[in-house]
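Bear in mind these aren't lab numbers, they're just calculated from the coordinates by the rules spelled out. Quantities reported herein were computed from a predicted structural model and do not represent experimental measurements. Here Cβ is always computed from backbone atoms with ideal geometry, including for glycine, and neighbour counts include all displayed protein chains.
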Amino acid sequence: MEYLIGIDLGTSGTKTVLFDRLGKVIASATVEYPMYQERNGWAEQDPLDWWHASCETLQSVIQQGGVDPRDIKGLGISGQMHGLVMLDKQGRVLRRSIIWCDQRTARQCEEITQRVGKERLIQITANPALTGFTASKILWVRENEPELYAQCAHILLPKDYVRYMLTGEFATEVSDASGMQLLDVPHRCWSQEVLEKLDIDPALLAKVYESPEITGAITPEAAALTGLAAGTPVVGGAGDNAAAAVGTGVVADGKAFTTIGTSGVVFAHTDNISIDPQGRVHTFCCAVPGAWHVMGVTQGAGLSLKWFRDNFCQAEKDTAAGMGVDPYVLMDQEAGQSPIGCNRLLYLPYLMGERTPHLDPDCRGVFFGLSAMHTKRDLLRAVMEGVTYSQRDSVEILRGMGVELREMLACGGGGTSPLWRQMLADTYNCPVKTVKSKEGPALGVAILAGVGVGLYPSVQEACQAMIQLNPAQEPIPENVPQYEAFYQVYKSLYPALKENYKLLAATGA
């Protein structure tokens, strides 16, 4: 038998999945880890937590699957994008990683825009300067921790740190590198112009590969820690959303997906590069060589529901533990008992600021319309609907750019909820499909590994062999106008609150 492994390095945990060459799950394991928020708007994680989680989950799936490690033909890694990992000359971590949802770098973004020029920056990197991206984090560390910055010899992204620990190679690939704000996205290489204008030494950055290319092999030291066979090839892999696209078969024009993970994404494939001059959505290189994708991002999608669960749903967590089910299953049932519109209650999912369409690090979450009649089930459903409306914002921008959305798939933890999928179908007014495998990014990078080691001749042909779809969830005609009415109210709230967010951000620490 021939097997492939996909590692999905997420924000809440790392999930590793062992597949056979047809995409069937043989074994799966997840290890969670913390996020550190020392100040409002800050978010950091320890790269060693990612590494330890990767080792533990790799050992687990190999043991669970009962497979000979030599039969594992290749491995791919998917990861949360934009995080800054800084290593010294010995390859040791210098500080906790400033991750994607951190919002501390607004001033550095202004500096980047000034140094490069707003229009020129979008022409090269396909995106405006954003607080979530890596370049502004580099400038923040250089300004605020100069002694530490002076020790930095290597800058990596989260998944590429795990790659380094597995292979000893400093490497990245085009989809994840696109989110650093240092890549020439149209030409798929580091931008010497941006690096010079920001005074960042190119030697700090890793070599850039295409996503299915082999970037290195498992070292004997990593083999001892993971249970993998030394010499197992490791391919470029992909950023989490580019990997999810491959894992759902969104590898051709007209195909798109919505993912509701910690963040939320609406993602569309395009064979021809398309850049929004206003910078409201992101254009990145995708995991298919020679192609790109356009995506809108909601910062606090599944994060909003997790926040609600952790703070207000202890009873559901306790009951679920006794029943042996996921607390989200019970929360879904509760939310389903509230009507569309949650008895006139709306939620803005801006817990970590927002990217699409507002590009505003200062906006924060809101329950709007709260009254004494509302119950927890109304608030639960409002969180889910608010995230859905935020995703709809992205859909509207993509449609306005002329990007075709003929086929929509749902993935991520939220995509496993029938209630949430129905909200998407009704709010988008289009059918929403799912893949039979729920592994999304892990399957995507396993597919890339299969292409890289020669099991399949192309990403598209590998997807045809390894992905199966479930029947579509159709919009319910009478629901569509109800959601539309509440979405129009939702759209009006951010402009009304924009200046208040700035006032709030200016008060206190």
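For the chain, build the charge dipole from Cβ charges (+1 Lys, Arg; -1 Asp, Glu) around the Cα centre, then report which of Phe312, Trp190, Gly341 sits farthest towards its positive end.
Highest projection toward the positive end goes to Gly341.
About its Cα centre, how strong a charge dipole does region 27-139 have in debye, to the nearest 20, once Lys and Arg get +1 and Asp and Glu get -1 at the Cβ? Please list the in-between numbers first.
Values: 13 positive and 13 negative charges, 103 e Å.
For this selection, approximately 500 debye.
What is the diffusion coefficient of the chain in µm²/s, taking the Kirkwood radius over Cα pairs and the Stokes-Einstein relation at 10 °C with a viscosity of 1.306 mPa s? Intermediate values should be presented prior to the final figure.
Values: Rh = 22.8 Å.
After rounding, the answer is 70 µm²/s.
Taking only DSSP H segments of four or more residues, each worth -39500 (n - 2.57), what value at 222 nm results for the chain once the sum is divided by all its residues, to the nearest 500 deg cm²/dmol? Could you put the intermediate results ahead of the total?
Values: 18 runs with 203 residues, N = 509.
One gets -12000 deg cm²/dmol as the mean residue ellipticity at 222 nm.
Ignoring the sites themselves, what is the longest stretch of the chain with no GluC sites (Glu not before Pro) in a DSSP loop and at most 12 other beta-carbon atoms within 10 Å?
The longest such stretch corresponds to 39-477.
Could you pull out which residues in region 321-356 have an amide N less than 14 Å from a spot 7 Å beyond the Cα of Asn40, following the Cα-Cβ vector?
In region 321-356, the label zone of Asn40 (backbone N under 14 Å from the point 7 Å along Cα→Cβ) covers 351-353.
Are there DSSP H segments in the chain that both extend 24 Å or more along their axis (alpha-carbon positions) and score a mean Kyte-Doolittle hydropathy of at least -1.0? List them, or say none. The partial results should precede the final answer.
Values: long enough: 47-65 (27 Å, -0.33); 376-400 (36 Å, -0.46); 480-505 (36 Å, -0.30).
In the chain, the long hydrophobic H runs are 47-65, 376-400, 480-505.
With each pseudo-label sitting 7 Å past Cα toward Cβ, what's the Ala465-Ala229 distance in nm, one decimal?
It is 1.8 nm.
Quick one: work out the % antiparallel among DSSP beta bridges in the chain, nearest 5.
Values: 49 of 71 bridges.
In the chain, DSSP labels about 70 percent of beta bridges as antiparallel.
Mind checking the full-extension length gain between Asp71 and Glu56? Use 0.36 nm per residue of separation minus the Cα-Cα distance, one decimal, nm.
Values: separation 15, 0.36 × 15 = 5.40 nm, distance 1.94 nm.
Computed gain between Asp71 and Glu56 is 3.5 nm.
So for region 1-147, taking the charge dipole from beta-carbon charges (+1 Lys/Arg, -1 Asp/Glu), which of Ile77, Tyr3, Val17 sits furthest toward the positive end?
Ile77
Determine the relative contact order of the chain: mean sequence separation of Cα pairs under 8 Å and six or more apart, normalised by residue count, in whole percent. Provide the component values of the computation, followed by the final result.
Numbers: 1164 pairs, mean separation 82.4, N = 509.
Contact order relative to length: 16 percent.
For Lys207, which lysines qualify as cross-link partners when the Cα separation must be under 28 Å and same-chain residues fewer than eight apart are set aside?
Lys15, Lys73, Lys89, Lys118, Lys137, Lys159, Lys197
Compute the length gained on full extension between Lys118 and Ala203: take 0.36 nm times their separation in residues and subtract their Cα-Cα distance, giving the result in nm to one decimal.
Working: separation 85, 0.36 × 85 = 30.60 nm, distance 2.54 nm.
Additional length available on full extension: 28.1 nm.
Give the cross-link partners of Lys255 among the lysines, using a straight C-alpha distance below 21 Å as the criterion and excluding same-chain residues fewer than 8 apart.
Cα-Cα hits under 21 Å: Lys433, Lys436, Lys438.
Can you classify region 351-399 as rounded, prolate or oblate using the Cα gyration tensor, where a ≥ b ≥ c are the square roots of its eigenvalues, rounded means a/c under 1.5, and otherwise it's prolate if a/b beats b/c and oblate if not? Intermediate values should be presented prior to the final figure.
Numbers: a/c = 3.18, a/b = 1.70, b/c = 1.87.
Taking the square roots of the gyration eigenvalues as a ≥ b ≥ c, region 351-399 is oblate.
Relative to the Cα centre, what is the charge dipole magnitude of region 411-509, using +1 at the beta carbon of each Lys and Arg, -1 at the beta carbon of each Asp and Glu, and rounding to the nearest 20 debye? Don't jump to the answer; show the numbers that get you there.
Details: 7 positive and 7 negative charges, 49 e Å.
With only Lys, Arg, Asp and Glu charged at Cβ, the dipole is about 240 debye.
Evaluate E = 1/(1 + (r/R0)^6) for Val329 and Leu405, where r is the Cβ-Cβ distance and R0 equals 30 Å; express this FRET efficiency to the nearest 0.05.
On the way: r = 30 Å, r/R0 = 0.99.
The computed FRET efficiency comes out at 0.50.
Is the shape of region 250-299 best called rounded, prolate or oblate, per the rule: a/c under 1.5 gives rounded, else a/b larger than b/c gives prolate, else oblate, with a ≥ b ≥ c the square roots of the Cα gyration tensor eigenvalues? Walk me through the intermediate numbers first.
Numbers: a/c = 2.09, a/b = 1.25, b/c = 1.67.
It comes out oblate by the Cα gyration axes.
Under a point spin-label approximation (7 Å from Cα along Cα-to-Cβ), what is the Ile476-Ala506 distance to one decimal in nm?
So the label points at Ile476 and Ala506 sit 4.6 nm apart.
Enumerate the residues in region 84-115 having an amide nitrogen under 12 Å from the point lying 7 Å beyond the Cα of Gln151 toward its Cβ.
86-96
To the nearest 20 Debye, how big is the dipole of the chain about its Cα centre, given +1 on the beta carbon of each Lys and Arg and -1 on that of each Asp and Glu? Before the final figure, lay out each step's value.
Values: 43 positive and 57 negative charges, 108 e Å.
Dipole size: approximately 520 debye.
Tell me, what is the FRET efficiency for Val489 and Met373 to the nearest 0.05, using R0 = 22 angstrom and their Cβ-Cβ distance as r? List each step's numbers first, then the result.
Working: r = 18 Å, r/R0 = 0.81.
Using R0 = 22 Å, I get an efficiency of 0.80.
Put +1 on the Cβ of each Lys and Arg and -1 on the Cβ of each Asp and Glu in region 366-451; which of Met408, Gly440, Val395 then has its Cα farthest toward the positive end of the dipole?
Comparing the listed Cα positions along the dipole, Gly440 ranks first.
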